[in-house]
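These notes are about the structure you will find just below.
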Amino acid sequence: MVVIDEAQRLPELFPVWRVLLDRPDVPARFLLTGRASPEFVRGLSESLAGRVGIVDLAGFDLAETGPDSLLSL
């Protein structure tokens, strides 16, 4: 698996990822992270239709990070 952070900064790679994902002999898996504006999500779902899942994550809260991290957050 390959992890790519801030994937929205490289939209020119989406056609490349589509080709890599469609290879029957060598399956590829990518985890793309970053901001997801409505335009980005629309472009992603069109260029990688049937190959992508989108997970909307909220920010961390104090219960997840622990009370000792309050001042540093």
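Just so it is clear, none of the values below were taken in a lab; they were calculated from the coordinates. Every value quoted in this text rests on a predicted model; they were computed, and no experiment measured them. Glycine gets a Cβ as well: all are built from the backbone with ideal geometry, and neighbour counts include every protein chain shown.
Values for this structure:
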read-out: Residues whose placed amide H lies under 5 Å from that of PHE30, excluding near-sequence neighbours; value: VAL2
read-out: Label-point separation, ARG29 to ALA63 (7 Å along Cα→Cβ), nm; value: 3.0 nm
